[in-house]
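To keep things clear, I will list the structure first and then write my remarks on it.
Derivation of every value follows stated rules applied to the coordinates shown; laboratory data play no part. Please read all numbers here as calculations on a predicted model, not as lab measurements. Glycine also receives a Cβ, built like all others from the backbone with ideal geometry; neighbour counts cover every protein chain displayed.
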């Protein structure tokens, strides 16, 4: 079936609304039999790129990534000057009806020209329905939370199978609860689990509780470091606010103590657990940021934490503005 479809320049559409049949199609298609155009409709851009990566695994040629309507049209019309065969991966959002028609026309010409293959990732439905007669369409926009959990389970079990292990259903539930279905975080915790349970056939709920907590703590600590030392705004999940305050207080306190020394390096003995190279970096940062910065930061963090403990309200960006833009 697939070889017959791919013998023509402009293929009849194959439509999928779930991941497993779509990946099964890719697996059955050899490199020569992959369709010319693949379209993915999905809200989660990370997941869309992950699925595009599955197509790239089978194409075995160099990808070209594009992220705007203009450069996508231009690339399909002109192609690459140096690569005779490639996979174009275009990530696009909302398009007007005119842009949709132009894109569909360009995609048809691109598919018929044998210049290469194309993967389109749309975060919204486009009108008219782009590529309704060509290539393959994976439409994941209409799913409920259960559908998202099902896909996440599929990805994680697939990942586990490659490491000769499996996730117990209760372990999956615990993972979803700790990550709120955030795919990058799920992959990060899962990889930590695979290392923690190396050699085990089944990963349990208790394993998730141990590893997920340490992973979250590490992530929150890193965010606090960026907030304090690099003066960068950060996003923090509500479930991690308490950990974030602890990390902020420790970082601000360290900076304030070191700022009391004429040379911050003189305070090294007070922080024996900090790696020498990291301590040298912190000492330089203390000199640059100054005592008043850490004094103001400590007060702002204390005030924000008190408000959070008493009212349940906390806005990391408000704290950021108070610390970094208030003299």
Check: For helix 45-59, what angle does its Cα long axis make with the longest principal axis of the chain, in degrees from 0 to 90 and rounded to 10?
Finding: 50
Check: Nearest 10 degrees, 0 to 90: what angle lies between the long axis of helix 97-113 and the longest principal axis of the chain (Cα atoms)?
Finding: 60
Note to self: Counting only helical runs of four or more DSSP H residues, what would the 222 nm mean residue ellipticity of the chain come to if each run contributes -39,500 (n - 2.57) and the total is spread over all its residues?
What the structure shows: -18500 deg cm²/dmol
Notebook entry, point to check: Using Cα atoms only, what is the angle between the long axis of helix 291-311 and the major principal axis of the chain, expressed in degrees (0 to 90) to the nearest 10?
Noted result: 70
Next item on the list: Out of all DSSP beta bridges with both ends in the chain, state the antiparallel percent to the nearest 5.
Entry: 0
Note to self: One quarter of the convex hull surface, Cα atoms only: what value does that give for the chain in nm²?
What the structure shows: 22.1
Item checked: Highest average packing first - 160-169, 147-156, Cβ atoms within 10 Å -> 147-156, 160-169
